[in-house]
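The values are calculated or read from the model by the stated rules, or taken from the named source; none is laboratory data. Here the structure is a predicted model, which is why all the values come from computation and not from measurement. Note: ideal-geometry Cβ built from the backbone for every residue, glycine included; neighbour counts use all protein chains shown. Each accessible area value is taken on the protein alone, full model and side chains, heavy atoms only, with ligands, DNA and RNA left out. Shrake-Rupley method; radii C 1.70, N 1.55, O 1.52, S 1.80 Å.
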Amino acid sequence: ENFYNLQQNESFQNNKKIQELTIENETAVLNSSNTTLFLSKRENALNWSNYTYEAQVALTDDFISDASVKVAAIVAGADSSNKGYEFGLCYSTETNNFFLRLFNRKTGKQVGGNVVYPYSFGKNVILKIALQKNTIHCFADDVEVITETMGAEDITGTVGFRTAGAVSKFDNIKVYGTDEPGEQDPKDSTPDFYEPFDDLWSTTLNGWVNTA
């Protein structure tokens, strides 16, 4: 298991970069020619369950590989092998269409079908995953677009964000309900975990680790 906390040092502070993650204008920017997945290694995060996770996400037209599908995604329920449930904003270069999808990295299979989504490159959208018992609810700008029941599969685990094929941007990451099992995103509550990416030190201390 590659669970560890990132070390604070001068090169991180001066370059404002953690592996493939750069902090630009208080936003996390993932820029890699390969698939990049950052997961939170905060204490007890592997045991999180019945929680809601959201982030501001933008997929850009700055393509960095020839992959036919470009992806900017949030990940929830990730286990000790770094595999979880990926709710992604996607673009197909073959069909020239944007869509949303839920992908189960534990099985290597997509869950359900693609959901066509009206989007333009660079636009911010709030993606949200709510894990409740054995059901996954996915939202885009507070509209529920995908609901899937996972049977007996364990959907406990940590959160993260992933990019593939294009530069992607992530900001204002929030996790609700980890201290109140069964509660889904109470509007009047304070997030249990909030990451605004306002500086490198907070990112380092929160333990975002490149696992891909």
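Observations
- Each residue of the stretch 61-74 is assigned a 3J(HN,Hα), and the resulting list reads 9, 8, 6, 10, 7, 8, 4, 6, 10, 9, 9, 10, 9, 9 Hz, derived from the Karplus form 6.51 cos²θ - 1.76 cosθ + 1.60 (θ = phi - 60°), x at Gly and Pro.
- Accessible area per residue for the stretch 24-78, computed on protein heavy atoms with a 1.4 Å probe, is 38 Å².
- For the peptides 167-176, 118-127, the ranking by mean Cβ contacts within 10 Å, running from highest to lowest, is 167-176, 118-127.
- Note on the stretch 31-138: Cα Rg divided by 2.2 N^0.38 Å, N the number of residues, gives 1.08.
- In terms of distances greater than 24 angstrom between alpha carbons, the cross-link table entries Lys83/Lys133; Lys83/Lys123; Lys109/Lys133; Lys70/Lys133; Lys70/Lys109 yield Lys83/Lys123; Lys70/Lys133.
- Packing rank of 44-54, 72-82, 96-106, where each peptide gets the mean count of other beta carbons within 10 Å, highest leading: 72-82, 44-54, 96-106
- Placing pseudo-labels 7 Å out from each Cα toward the beta carbon at Ser65 and Thr35 gives an inter-label distance of 0.7 nm.
- Spin-label pair Gln110/Asp154, simplified geometry with 7 Å Cα→Cβ offset, distance in nm: 2.8 nm
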